[in-house]
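Enquirer: The structure follows.
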Amino acid sequence: MKKGLVLEGGGKRAIYTAGVLDVLGEHGLYPDGVIGVSAGAVFGCSYVAAQHGRSIRYVLKYGNDYRFMSWRSWLKTGNFADVDFCYRDLPQKLDKFDNEAFMRSPVDFYVTCSNLESGNPEYIRCRDLFKEMDFLRASASLPFVSRIVSVGGKKLLDGSTTDSVPLRAFEQKGYVKNVAVLTRPAGYRKKPSRDAWLAKLVYRQYPAFVRALQNRHQMYNRELDYIEAAAKEGRALIIRPSRKIKMCRMERNPEVVRQMYLLGRRDAEAALDEVKAFWR
């Protein structure tokens, strides 16, 4: 019976997930597979490599560097997150990602991307992250503020557009005891986007992707309902923020970022016994 970990995205808000993952890793709690979306995938790979504390360390150190995430980066490069800085300099030089440990890990690692041509999610298993970094980058490349990532013969962007919390997809891959880490408190529901007109303008060559953008709130809310039902049936365990911290996707206040990370740690510590029993 394969155990899984499903990680929602959410930009810097997903630093909550990093806090959860650090506690799980520090206690030696690892599943058979991890599937992450956007920032959830970015932080999830450090967990698979057993680099506890790496995510919060580099986010606090470089989070306000304009190359990490900013309109200045977008104006200079066409990407809100500078590709060279975030996906080359940072993991290879500034705060090295242990790719060897990642490849040795028995935990399978998947990233979720959105295929612009089909309008469907893609679930891509990564075995060598340095060679497959573009899939991770695609998963976290937000529409409207990122260039389309062409990799593996596909045109990809942010996985959150088509499958924000891929519990159902992971179950279909054989992972039947899944812990889902969400980045919104209980009761949250996504509202319709106000940028439907912009989607039609920017992505007019990709009508299926336009529909996915326009219907994202419906997809997201359906997934939350599915996760809640799975939890009631004992097929899933949910870890989510126990209280609301006002924090935006692009948060620049390091103290708010730290508070969200520490909330993730506290919530994970409170759930440790439950996770151990669930994954037994």
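Enquirer: Name the residue that is farthest from the chain's Cα centre (by Cα), counting only residues in the range 170-228 that are basic (Lys, Arg) and open to solvent by less than 60 Å² (accessible area, probe 1.4 Å).
Expert: Step by step, filter the range 170-228, then rank; the result is Lys177.
Enquirer: What residue, among those in the range 230-266 that are under 14 Å from Thr183 (Cβ atoms) and in contact with a strand residue (DSSP E or B) (Cβ under 6 Å, 6 or more places away or on another chain), is surrounded by the most Cβ atoms within 10 Å (Cβ to Cβ)?
Expert: Among residues in the range 230-266 that are under 14 Å from Thr183 (Cβ atoms) and in contact with a strand residue (DSSP E or B) (Cβ under 6 Å, 6 or more places away or on another chain), the one surrounded by the most Cβ atoms within 10 Å (Cβ to Cβ) is Ile239.
Enquirer: When Ile239 is evaluated against the numbered criteria (1) more than 15 Å from the chain's Cα centre (by Cα); (2) farther than 16 Å from Cys113 by Cβ, which criterion, by number, is the only one it fails?
Expert: (1)
Enquirer: Kindly indicate which of Lys190, Lys246, Lys232, Lys276 is of a type in the set (D, E, K, R) and touching a Phe, Trp or Tyr at 6+ places or on another chain (Cβ under 6 Å).
Expert: Lys190
Enquirer: A further question on this structure: I need the full set of residues from the range 70-112 which are more than 18 Å from Lys12 (Cα to Cα), touching a helix residue (DSSP H, G or I) at 6+ places or on another chain (Cβ under 6 Å) and not in a loop (DSSP other than H, G, I, E, B), in order please.
Expert: If the condition is that a residue be more than 18 Å from Lys12 (Cα to Cα), touching a helix residue (DSSP H, G or I) at 6+ places or on another chain (Cβ under 6 Å) and not in a loop (DSSP other than H, G, I, E, B), then Phe102, Phe109 are the ones that fit.
Enquirer: Among what's in the range 131-164 and is closer than 22 Å to Met250 by Cβ, touching a residue at least 40 places away in the same chain (Cβ under 8 Å) and part of a strand (DSSP E or B), pick the residue that is nearest to the chain's Cα centre (by Cα).
Expert: So, considering only residues that are closer than 22 Å to Met250 by Cβ, touching a residue at least 40 places away in the same chain (Cβ under 8 Å) and part of a strand (DSSP E or B), the one nearest to the chain's Cα centre (by Cα) is Asp158.
Enquirer: Determine the pairs where a residue that is under 16 Å from Glu8 (Cα atoms), located within the range 235-261, has a partner that is assigned to a strand (DSSP E or B) and of a type outside the set (Gly, Ala, Ser) with Cβ atoms under 7 Å apart, the partner being 6 or more residues away or on another chain.
Expert: Listed by first residue and then by second, the contacts come to Ala236/Asn178; Leu237/Val179; Ile239/Val179; Ile239/Val181.
Enquirer: Out of the residues in the range 113-130 meeting the condition of being in contact (Cβ under 8 Å) with a residue 40 or more places away in the chain and not in a loop (DSSP other than H, G, I, E, B), tell me which one is most open to solvent (accessible area, probe 1.4 Å).
Expert: Per the stated criteria, the residue is Tyr123.
Enquirer: Hey, could you check the range 48-78 for residues that are of a type in the set (Lys, Arg) and under 24 Å from Leu24 (Cα atoms) and say which is nearest to the chain's Cα centre (by Cα)?
Expert: Restricting to residues being of a type in the set (Lys, Arg) and under 24 Å from Leu24 (Cα atoms), the top hit is Arg54.
Enquirer: Given the criteria in a helix (DSSP H, G or I) and of a type in the set (Val, Ile, Thr), does Val6 qualify?
Expert: No, not satisfied.
Enquirer: Go through (1) within 25 Å of Ile227 (Cα to Cα); (2) surrounded by fewer than 19 Cβ atoms within 10 Å (Cβ to Cβ); (3) at pLDDT 95 or above for Gln92 and report which single condition fails.
Expert: Just one mismatch for Gln92, condition (1).
The values are calculated or read from the model by the stated rules, or taken from the named source; none is laboratory data. Predicted model, so just to flag it, every value in this text is computed and none were measured. Positions of Cβ are generated from backbone atoms using ideal geometry, with glycine treated the same way; all protein chains shown enter the neighbour counts. We work out accessible area using only protein heavy atoms, side chains counted, and drop any ligands, DNA or RNA first. Shrake-Rupley method; radii C 1.70, N 1.55, O 1.52, S 1.80 Å.
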